[in-house]
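Remarks on the structure that follows.
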There are 4 protein chains.
Amino acid sequence: MSAETARIVSFSYGVFAMTITFMVLDLNIAGNGAGRLASSLVRQWPSYAAFTLSFAFIGIMWINHHRLFTHIRRSSNALLVLNLLLLFGITVVPFPTAVLAAYLRTGDARPAALLYNGTYFVIAVLFNLLWQYSVRAGLLDPASAAAAEKISQQYSYGPLFYLICLGVAWISASASLALNCALAIFFALPPHVATSLKKPNAGMAR
Amino acid sequence: MSAETARIVSFSYGVFAMTITFMVLDLNIAGNGAGRLASSLVRQWPSYAAFTLSFAFIGIMWINHHRLFTHIRRSSNALLVLNLLLLFGITVVPFPTAVLAAYLRTGDARPAALLYNGTYFVIAVLFNLLWQYSVRAGLLDPASAAAAEKISQQYSYGPLFYLICLGVAWISASASLALNCALAIFFALPPHVATSLKKPNAGMAR
Amino acid sequence: MSAETARIVSFSYGVFAMTITFMVLDLNIAGNGAGRLASSLVRQWPSYAAFTLSFAFIGIMWINHHRLFTHIRRSSNALLVLNLLLLFGITVVPFPTAVLAAYLRTGDARPAALLYNGTYFVIAVLFNLLWQYSVRAGLLDPASAAAAEKISQQYSYGPLFYLICLGVAWISASASLALNCALAIFFALPPHVATSLKKPNAGMAR
Amino acid sequence: MSAETARIVSFSYGVFAMTITFMVLDLNIAGNGAGRLASSLVRQWPSYAAFTLSFAFIGIMWINHHRLFTHIRRSSNALLVLNLLLLFGITVVPFPTAVLAAYLRTGDARPAALLYNGTYFVIAVLFNLLWQYSVRAGLLDPASAAAAEKISQQYSYGPLFYLICLGVAWISASASLALNCALAIFFALPPHVATSLKKPNAGMAR
C-alpha cells in the first residue's frame, strides 16, 4: 500500500470506528424504576438484537473495505470521491436500523423494511462502483490479479441479491431481515470460499 | 511524508472522521406515532438534504486537506498551529449547518445564511494560510513544485469567491446555498482540472 | 507488523478511543440550581468513581490488545472476525457499567452485578479465543515465542477467574467489584511479572 | 519512532480527536423561537468563548503530546500506563469546562474555578511524570538530547505555575482564567523559545 492509500484507509477506518461505536449510545439503561431490573433487561431484547445485528453488518462492511484496500495500491481523485460516497452509505446505516427496530412490530413494518433494505442495496452498488473503478483504472497491485478476480465475482452478485431482498421486504419485513443475515454471512466469507459456494450449481449445469 | 507529518495527518483525520460522522445523530426517527411512517419520512426531506450537503462539504474539505498533505513533507511549530486553526473551523461546521437547516424557511433566514457563509469564508482563509505558509516555509516536497503551483492558483480564488457568497447571502439565503454547491464542486475537482476551467476565459480575452 | 495487521490495529484503536472517550458524556454538570455546587459535586462521587473505573478497565483492555498485536505479524479472515467479536465486547462495556452504577445501592444490585461480571467473563473468553487462534494458526512473529508463552499462561487464568467473579456477584455485588479491580491489576501487569506471581505457589507445592 | 510507539500515538490521537470534537455538541442552536436569531446568537457568546478556549487548550495539549512523542523512540509497560493516565486527564477536561461555563457568573464561581484549575494542575503533573519517566528510563532517541533538555526545562515550570493558578482561583475565578490563557500560550511555544523567555530575567540578575 502506498502512503497515500494508507491515509485514505486511516480516515475511512475512523469513520467506520465512529459509526460502529455510536450505536451503543442507543441502548437504554433498563428498568425505569417501575419493574424489576432483570425482567426489564429481558423485555428489551429487541433493541439488543438490533444493536448486535448492526454491529455485525457494519463489521462485515469493514472487513470488505479492508479486503479491497489490501489490493488497491494507488490512489486517484475519483477513488477519493467514490470512497467518500461509500462512507456516506456506511454512516447512514444506524438511521434506517433505528427506524426498523422501532417499527418492525407495528403496522408500519413495510416502509421501515423498504428503507432498511434500500440502504443496503445502495451500499452494495457503491461497493461495486468503488471496486470496478479500481480494477479498470489500474489501481490494483499487479500481484493481486487472481484474488481480485474472485472479489469481482463475489461482488457482482451483491446488487442483484439486495434487490431481491428489497422485493421480499415488500411482502414480509421479517423474511427480508432473515435474507439480510444470510447475505451478510456470504460477504463475510473470504472471496475464494464464497465463489466456490457457487461451483456446485455450475457443476450441475454441466 | 515524514513520520511527523504522518502523525499530524493521523490526528487531523480523526477530527474529520468524528465531525463527518457526528451529524447523523441529528437525524430523528421519523413518524412519532401520530402519522404514517412513509409520509413522515418524506416530510423530513429538508433535514436529510442538510445532512447530505454537510457530509459532501466536509468530505470535500477532507479531500483538500488530503491533497495538501500529499505535498507537505516537513513539519514546524507554525504548521501545527495553523493546522489546529483549520481543524477548529472544520469541527464548527455542524453548528451553522444546524442553524441554517432550522431557520432557512423562517424570517430569520438572513442571519442564518450569513453565519453559514461566514464560516465557509473563514475556512477558505484558513486553508489559504496553511498552504501559503507551507509553500513559503519550504515544507513541500521538492518534487511537488508543479502540482503545488496549480493548488496555489485554485486556492487563491477561494476567499474572494466565499466573500461573494457572503454578499449574496445578504440578498438571498437560497441563492447563496446554490453558489456554495457550485464552489464545493470547484474545490472537489483536481487542481489541474479546476485551473484549466479558467483557461477558456483567458482564451476568450485573447 | 505487516501493513495489514497495522490496518487492523488502526481500526481497533479507533474503536477503543471512541469507547473510552464516550463515557465522559455520562458525567452530569453537578448542582442543578437547588444546592451549592461544591457539596453537589461531592455527592456525585459514585458516578465519578464509575467513570474512573471504566476508563481504567477499558484502558487495561487496550494495553492487552496492544500487547497481543505486538506479537501478531500476519492476518487471516478468522483473525478479522475474532477481532471484531472482541471489539463488540469492548464497545458494550459502557452499558453494563451504567446499569451497575445506577443499581449498585438498590435492591437490584444482584442482576446488575451479574450482567456486569458476565460481560467481563465473555470478554476474557474472547481475548483467549483471539490469542489461542493466533498462536495455533502461526500468525505470530517467530521471535515472539518466549513472550507468547508467558501471555498464554497469564490468559489461561482469565475465564476461570472471571467465572469466580460471576459466582461472587451472586452473593455480593460489592465483593465482585473488588475482585474485578484485583483482576484488572493482574492483567495490567506485564506477562512475565504476572506469571511469576504464580511461581511461589508452584514452589510451595514442590 | 518504532512501530510500537507509533501505535501508542495512533490510539492517543484518537482520544484527543474525540475529546476536541465532542465539545461542539454542547453548542445549542440559538434563538428558541421566542427572540430574533441574530441577537440570540450574540447573547450566547459565553458558551462560544468556552468552546473556543477549550479547543485551544486541548489543541495545545495535543501539540505537547505530539512534541514529546517526536523524541520518545521506545516503549515500556510503565509508558503505556503513564500515557493512559495522561489521556484520562485529557478526556476529563470537557467536564470542568462545562461546569465553569455554567457557574462563572454565579455565586458558585469559586468552586467551579477551583475544579477547573485543579484539573489543569493534575494534567501538568501527569505531563511531567510521563516525560521525566521517559528521560530516565532511556526511552528517548539519542539524537534528541539537546531538544529534550529544553523540554524538561519548560515542563519543570508547569506544576508550580498551575498551583499558583489554583491559588489565584481562590481569590478570583476570572483572574485565574486569564492566567490560564497566558500559560497556554507559554506551552504552545516551541521549547527553545519558551525557555529563552526566561533568559532576560536570568540576565537581569547578573
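Descriptive notes on the structure:
- At 7 Å out from Cα toward Cβ: B:Ala49 inter-copy label distances (nm, ascending): 3.8, 3.8, 5.4
- Spin-label model, A:Tyr133 to D:Val42: label points 7 Å out along the Cα-to-beta-carbon direction sit 4.6 nm apart.
- Under 12 Å, Cβ to Cβ, from A:Gly138 - net charge with Lys/Arg +1 and Asp/Glu -1: +2
- Note on the stretch B:34-113 and the stretch C:60-135: Cα centroid distance 35 Å, given to the nearest whole angstrom.
- Between copies, C:Val193 shows label-point distances of 4.0, 4.0, 5.6 nm, shortest first, with the point placed 7 angstrom from Cα along Cα to C-beta.
- Note on chain C: GNM, Cα springs under 10 Å; of C:Asn180, C:Asn77, C:Asn64, the largest mean-square fluctuation is that of C:Asn77.
- Label-point distances for D:Leu160 to the equivalent site in the other copies, using a point 7 angstrom along Cα→C-beta, read 5.4, 5.4, 7.7 nm when ranked shortest first.
- Taking the C-alpha atoms only, the angle from helix D:173-188 to the longest principal axis of chain D is near 40 degrees.
- Rh by Kirkwood over Cα pairs, then Stokes-Einstein D for the stretch A:1-157 at 1.567 mPa s and 4 °C, µm²/s: 74
- Using C-alpha pairs under 8 Å with a sequence gap of at least 6, the mean separation divided by the residue count of the stretch C:3-198 gives a relative contact order of 23 percent.
- Put in order of Cβ neighbour count within 10 Å, fewest first, the listed residues C:Cys181, A:Cys165 become C:Cys181, A:Cys165.
- Each helix, a run of at least 4 DSSP H residues, gives -39500 (n - 2.57); summed and divided by the residues of the protein assembly as shown, these come to -26000 deg cm²/dmol at 222 nm.
- Total lysine pairs under 27 Å (Cα atoms) in the protein assembly as shown, excluding pairs fewer than 8 apart on one chain: 8
- In this calculation the C-beta distance from A:Ser76 to A:Ala178 is compared with R0 = 35 Å, giving a FRET efficiency of 0.35.
- Classified by the C-alpha gyration tensor, the stretch B:76-161 has a prolate form. Its axis ratio a/c, with a ≥ b ≥ c, is 1.5 or above, and a/b is larger than b/c.
Taken together, the values in this text are just the output of simple stated rules run on the coordinates, not laboratory data. If you're wondering where the values come from, they're calculated on a predicted model, not measured in any experiment. In this analysis, Cβ positions are derived from the backbone assuming ideal geometry, glycine residues included, and neighbour counts consider all displayed protein chains.
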